[in-house]
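To start, the structure itself, in structure tokens.
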There are 2 protein chains.
Amino acid sequence: MDYRFARRAQLTQDSFITEIFKYLQDKEVISFSGGFPNPSTFPLLELQASAQKVFTHEGSSVLQYATTNGDLDLRRFISERYRVRQDLEVPADQILITSGSQQALDYIGKVFLEPGDTILIEEPSYLGAIQTFTSYDVDIQTVKLQENGIDLVELETKIVQFNPKLIYLIPSFQNPSGISYSQEKRFAVAELLKKHDVVLVEDDPYNELYYEGNVQHPISTHLKDRSILLGSFSKTISPGMRVGWVSASKEVYKKLFTAKEASDLHSSSLDQRILVNYLYDYDYDDHLNKLRERYASQHHIMLEAIQIYFPNEVKVYPSNGGMFIWVELPEGISSVKLFYEAVKVKVVFVPGDPFYVNEQDTNTLRLSFANETPERILEGIKRLGNLIQQSI
Amino acid sequence: MDYRFARRAQLTQDSFITEIFKYLQDKEVISFSGGFPNPSTFPLLELQASAQKVFTHEGSSVLQYATTNGDLDLRRFISERYRVRQDLEVPADQILITSGSQQALDYIGKVFLEPGDTILIEEPSYLGAIQTFTSYDVDIQTVKLQENGIDLVELETKIVQFNPKLIYLIPSFQNPSGISYSQEKRFAVAELLKKHDVVLVEDDPYNELYYEGNVQHPISTHLKDRSILLGSFSKTISPGMRVGWVSASKEVYKKLFTAKEASDLHSSSLDQRILVNYLYDYDYDDHLNKLRERYASQHHIMLEAIQIYFPNEVKVYPSNGGMFIWVELPEGISSVKLFYEAVKVKVVFVPGDPFYVNEQDTNTLRLSFANETPERILEGIKRLGNLIQQSI
């Protein structure tokens, strides 16, 4: 049978993540690869109690069709938290609950992007976003990240040069680099976008995962109608329940709503009710504090191990939150090659390539410390260090 | 702020369903409108027990990220049921779990449809499908339904005339018409599609809701690689959990998988595990038998009431399963006008318009009998009958 597929269906290839998944079946394999939260941090008993409560008290209403925008209590919780914690006024009726914030990216693509449009993203950037935007057949231009955020000069040059429809940024504990924008840079980016009248897509799933200080205000705080802000409970509570959200101006919200209505009607109302009961019945901030301590400690252990076992020629990017450490090998060393060497000694990570647009055999790689024990982090870094030493 | 939306974002309008929702807050309103299953049929206690079991025995694995294709046990259940009940061989690895079968329609659009393509659908057809396909900027051509299925002569003429990329059909207890294709017509449609080498999208969420006899084999049984078959637990267990599926040839499956990966990674693993535990631990067929009895009885009551209270000039289409009765008013009577009259006497239904492509002020309407009590069905039909009588 000769199928007549759409052009866009030819654009997205198998992601490298599928390749990595093959090796994760073996429990002996030490994985620094996934963006998976540590399952021991899931509030399992609390969610179980919430599920019981939902089934018992909300009867079958929770099993019925629900409205597209999502559970009102949940949207109010998110709205209130933005107001109190991030100095951001986002009314509950401008928050759309999505199946993970990944789904919001798809709807943003659907609402804004046409073949030939240009979108600006960071280099490196989140591979899932690159995959989604690629499926909309657009020209993806990149702007380099510096240690305190995006390169402002390059950003303005490329805005002028390409007139992008959207700019996609992950300003807090970025995936994959772990980099966070300084307060000054956030403000400067906002000023630039206002000056050139560009819409920001701000992806902010890691903002609560800071190891010291407090949550940083999103760039959206300074932008109002010019921004679309994405959030998620995947990194802080549970990714398997697929609950994220997107907030936007009324006009954009309406379009995103229609996109979701035509795509899956609504996200699981059962999961939303379990989650919102958990959020109202338990101390979410206490949970987050424990999560931060855990990740800060594992981050520290991995950094220490890198200092001991990696050659001095290896560069490690500074980060102070999130789930990732970004590593730059000496020039000319391919991290994909290193990946296949590492697989032989039962260590996996994500090579840099999928975080770039059209670059191959990069010398960068992403290490996640979230999902392993301290012992296995030490052992894995030791093995990787040996391999890098040999390849220099 | 002037947003530069994509062309496709201008195409889909607010659906009439949003308009109807406004009136459903009032508990006094008798609703024949939604495609909502009757919540008293949800296996609430069984699902609650399954949820407990999942939280207790599957620990936090169920809260973690999962694979895009969906839960393997669930896909095996679906595959086995197709084999035993419908004489259809669909391997579990060619079944993709989606967030309701609505989501599968979106991915089919993403994988196949480009602006200017033509797709053939029934007239009338499911409004959610019309909305989804419209968002892909395609030319939607329609073929009239007869009492035993689609008009074969018109179907062949339009296939030859428009060379459609896909044909979208709902052969069992169609939404909105309630019509089911005869066995002969199913076979004849399959032969036509083979002859002209067209891909069928077969939407089959109501197939288990027959009131007598047994489940009818989908047209896909005769088509193999030329068909894409959609299914759902929304009408039989719970729509709020958003669990549906799509099965297709390996080549098409791969494309749908990538579309889902780039769109929401995977559907809720918690919901999938609760559902599959329910399916393996309880007697699904016993549940379905009760559901069928309930709907058959409510269908019967509504039909009887229509015979008593509607004028003879009103035509009612035959149906023998599903959730809907399709009504044709005498020519020249607008069902949208009737809707706003009916709202005043606290009865709502869905006027025909949204089930057509580009037709307005149609004289047809859809009545759902699933979600009301016998008393309210009688009372609602009586009030509608009065209004129709007055408008003749």
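Short version: ³J(HN,Hα) in whole Hz for each residue of the range B:151-156, in order, from phi by Karplus 6.51 cos²θ - 1.76 cosθ + 1.60 (θ = phi - 60°), x for Gly and Pro, what are they?
Residue by residue, the range B:151-156 yields 6, 5, 5, 5, 4, 5 Hz.
Calculate how many DSSP beta bridges within the protein assembly as shown are antiparallel, expressed in % of all such bridges and rounded to the nearest 5. Please list the in-between numbers first.
Details: 40 of 78 bridges.
Counting DSSP beta bridges with both partners in the protein assembly as shown, the antiparallel share is about 50 percent.
Pop the C-beta distance of residue B:290 and residue A:375 into the FRET formula with R0 = 56 Å and round what comes out to the nearest 0.05.
The value I calculate is 0.55.
Once the piece of chain linking residue B:2 and residue B:67 is laid out straight, how much longer is it, given 0.36 nm per residue of separation minus the C-alpha distance between them?
Between residue B:2 and residue B:67, full extension yields an extra 19.5 nm.
If amide H atoms are built 1.01 Å from N in the plane of the peptide, which residues on other chains or at least 5 residues away come under 5 Å of the amide H of residue B:199?
B:167
What does the charge add up to near residue A:333, with Lys and Arg as +1, Asp and Glu as -1, over the other residues with Cβ less than 10 Å from its Cβ?
Value of the local net charge: -3.
When the Cα centres of the range A:44-95 and the range B:59-137 are compared, how far apart do they sit, in Å?
Between the Cα centres of the range A:44-95 and the range B:59-137 lies a distance of 27 Å.
Place the peptides A:361-373, A:188-200, B:95-107, A:22-34 in order of packing, highest mean first, counting for every residue the other Cβ atoms within 10 Å and averaging per peptide.
The most tightly packed comes first, giving B:95-107, A:361-373, A:188-200, A:22-34.
Show which aspartates and glutamates lie in cross-link reach of residue B:346 when reach means a straight Cα distance below 18 angstrom and same-chain residues fewer than eight apart are skipped.
Straight-distance partners of residue B:346: B:19, B:26, B:28, B:372, B:375, B:379.
What average count of beta carbons from other chains do you get within 10 Å of the Cβ of residues in A:38-46?
Per residue, the average neighbour count from other chains is 3.
What length, rounded to one decimal in nm, is gained on full extension from residue A:358 through to residue A:27, with 0.36 nm per residue of separation minus their alpha-carbon distance?
That pair, residue A:358 and residue A:27, stretches by 115.9 nm at full extension.
What share of Cα pairs, in percent, lie more than 42 angstrom apart in the protein assembly as shown?
31 percent
May I ask which residue of A:99, A:57, A:116 lies farthest towards the positive end of the charge dipole of chain A, with charges of +1 (Lys, Arg) and -1 (Asp, Glu) on Cβ and the Cα centre as origin?
The Cα lying farthest towards the positive end belongs to A:57.
To the nearest 20 debye, what is the magnitude of the charge dipole of the range B:272-392 about its Cα centre, counting +1 on the Cβ of each Lys and Arg and -1 on the Cβ of each Asp and Glu?
The dipole of the range B:272-392 has a size of about 300 debye.
For a protection proxy built on the mean count of beta-carbon atoms within 10 angstrom, sort B:269-282, A:326-339 highest first, please.
B:269-282, A:326-339
Apply the Debye scattering formula to the range B:180-235, with a single equal point scatterer on each alpha-carbon and no solvent, then give log10 I(q)/I(0) at q = 0.20 Å⁻¹.
-0.74
Rounded, prolate or oblate: pick one for the range A:192-295, where a ≥ b ≥ c are the square roots of the eigenvalues of its C-alpha gyration tensor, a/c under 1.5 means rounded, and failing that, prolate if a/b is larger than b/c, else oblate.
Oblate is the answer for the range A:192-295, as a/c is 1.5 or above yet b/c matches or exceeds a/b.
Over the whole of B:100-111, what's the average partner chain Cβ count within 10 Å per residue? Rounded to a whole number, please. Provide the component values of the computation, followed by the final result.
Values: counts 6, 1, 6, 5, 1, 3, 7, 3, 0, 3, 9, 6.
Going residue by residue through B:100-111 and averaging, the value is 4.
Please list, in order along the range B:77-83, the HN-Hα scalar couplings obtained from phi with the Karplus expression 6.51 cos²θ - 1.76 cosθ + 1.60 (θ = phi - 60°), rounded to whole Hz, x for Gly and Pro.
4, 5, 4, 5, 5, 4, 5
Taking the Cα centre as origin and putting +1 on Lys and Arg beta-carbons and -1 on Asp and Glu beta-carbons, what dipole magnitude results for the range A:80-159, to the nearest 20 debye?
On the way: 6 positive and 15 negative charges, 60 e Å.
Rounded to the nearest 20 debye, it is 280 debye.
So which of A:27/A:315; A:255/B:110; A:255/B:165 end up more than 21 Å apart, counting from Cα to Cα?
Distance filter (> 21 Å) returns A:27/A:315; A:255/B:165.
Show that you can apply the helix-only estimate: for chain B, add -39,500 (n - 2.57) for every DSSP H stretch of four or more residues, divide by all residues, and state [θ] at 222 nm to the nearest 500.
Helix contribution divided over all residues of chain B: -13500 deg cm²/dmol.
Quick one: of the DSSP bridges fully inside the range B:51-163, what percent are antiparallel, nearest 5? Intermediate results must be reported in sequence, preceding the final value.
Working: 2 of 8 bridges.
Antiparallel: roughly 25 percent of the beta bridges in the range B:51-163.
Quick one: 3J(HN,Hα) in Hz for the range A:326-334, Karplus 6.51/-1.76/1.60 with θ = phi - 60°, rounded, Gly and Pro as x.
Values, residue by residue: 9, 10, 10, 7, x, 3, x, 8, 7 Hz.
Once you put a point 7 Å from the Cα of residue B:84 and another 7 Å from the Cα of residue B:308, both along the Cβ direction, what distance in nm separates them?
With each label point 7 Å from Cα toward Cβ, the separation is 4.1 nm.
Using Cα centres only, tell me the gap between the range A:230-307 and the range A:5-35 in whole Å.
22 Å
Using Cα-only point scatterers and the Debye equation, what is log10 of I(q)/I(0) for the range A:44-281 at each q in 0.10, 0.17 Å⁻¹, rounded to two decimals?
Debye intensities relative to I(0), on a log10 scale: -0.46, -1.27.
Write down the percent of antiparallel bridges among all DSSP beta bridges whose residues are both part of the range A:44-281, to the nearest 5. Don't skip to the end; give the middle numbers.
Values: 10 of 27 bridges.
If I count the DSSP bridges inside the range A:44-281, around 35 percent turn out antiparallel.
For the range B:256-305, I need the span (max minus min coordinate) of the C-alpha atoms along each principal axis, in Å, sorted largest to smallest.
Principal axes ranked by extent give 49, 28, 15 Å for the Cα atoms.
Mind listing the long-range amide H neighbours of residue A:65? Cut-off is under 5 Å, sequence gap 5 or more, other chains count too, H placed in the peptide plane at 1.01 Å from N.
B:240
For B:239-247, what's the mean count of beta carbons from other chains sitting within 10 Å of each residue's beta carbon? Write out the running numbers ahead of the final one.
Working: counts 7, 15, 6, 12, 1, 1, 0, 0, 0.
Mean partner shielding for this stretch: 5.
Size of the dipole of the protein assembly as shown about the Cα centre, Lys and Arg at +1 and Asp and Glu at -1 on the beta carbon, nothing else charged, in debye to 20?
Charge dipole of the protein assembly as shown: 220 debye, to the nearest 20.
For the range A:137-211, what percent of Cα pairs sit more than 19 Å apart?
Tail of the P(r) past 19 Å holds 32 percent of the pairs.
For the range B:49-91, what does the alpha-carbon gyration tensor say about shape, rounded, prolate or oblate, given a ≥ b ≥ c as the root eigenvalues, a/c under 1.5 as rounded, and a/b over b/c as prolate?
On the way: a/c = 5.21, a/b = 1.97, b/c = 2.64.
Oblate.
Relative to the other copies, what are the label-point distances for residue B:163, with labels 7 Å from Cα along the C-beta vector, expressed in nm at one decimal and sorted shortest first?
3.5
Any read-out appearing in this document is the output of simple, stated calculations on the displayed coordinates, not a laboratory observation. Keep in mind that what you see is a predicted model, and the values were worked out from it rather than measured. All Cβ positions, even for glycine, are placed from backbone atoms using ideal geometry, and neighbour counts span all protein chains on display.
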